[in-house]
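> One structure coming up, written as structure tokens, with questions to follow.
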Amino acid sequence: MLRLVVIALFVVVIWVLLLRLFDRKRPLDWNGIAFALGFIALAFYLRHITGMG
């Protein structure tokens, strides 16, 4: 499951970067990106603390 999350995160990052390269007019939604990264970090932290998941 951990590998799946890491691979999915890399795919999303590459996808966003490709969109950013081809469409310079559209700004990135940094609030949404920060929320997603915070959610993933919280999931890893809770997995480390509780040992579940």
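The values are calculated or read from the model by the stated rules, or taken from the named source; none is laboratory data. Small disclaimer: the values here were computed from a predicted structure and weren't measured. So basically every Cβ, Gly included, is an ideal-geometry build from the backbone, and we count neighbours across all protein chains shown. Surface areas here come from the heavy atoms of the whole protein model, side chains and all, with no ligands, DNA or RNA. Shrake-Rupley method; radii C 1.70, N 1.55, O 1.52, S 1.80 Å.
> Each residue of segment 33-45 in order: what ³J(HN,Hα) in whole Hz does its phi give by Karplus 6.51 cos²θ - 1.76 cosθ + 1.60, θ = phi - 60°, with x for Gly and Pro?
Using θ = phi - 60°, the values come out as 5, 5, 5, 5, 5, x, 5, 5, 4, 5, 5, 5, 5 Hz.
> With a 1.4 Å probe and all protein chains in place, put Leu18, Leu4 in order of accessible area, largest first.
Result of the area sort, largest leading: Leu4, Leu18.
> Kirkwood hydrodynamic radius of the chain from all distinct Cα pairs, in Å?
Every distinct Cα pair counted, the radius reaches 12.7 Å.
> Can you compute the charge dipole magnitude of the chain about its Cα centre, using +1 on each Lys and Arg Cβ and -1 on each Asp and Glu Cβ, nothing else charged? Give it in debye, rounded to the nearest 20. Intermediate results must be reported in sequence, preceding the final value.
Details: 6 positive and 2 negative charges, 27 e Å.
Rounded to the nearest 20 debye, it is 120 debye.
> OK, next. Ignoring ligands, DNA and RNA, what accessible area per residue does the chain give at 1.4 Å, in Å²?
97 Å²
> What longest range of the chain stays clear of loop-exposed trypsin sites (Lys or Arg not before Pro) (DSSP non-H/G/I/E/B, at most 13 other C-beta within 10 angstrom)?
26-53
> Further, regarding this structure: Keeping all protein chains in position, work out how much accessible area Ile40 exposes to a 1.4 Å probe, and write it in Å² to the nearest 10.
Looks like 40 Å² after rounding.
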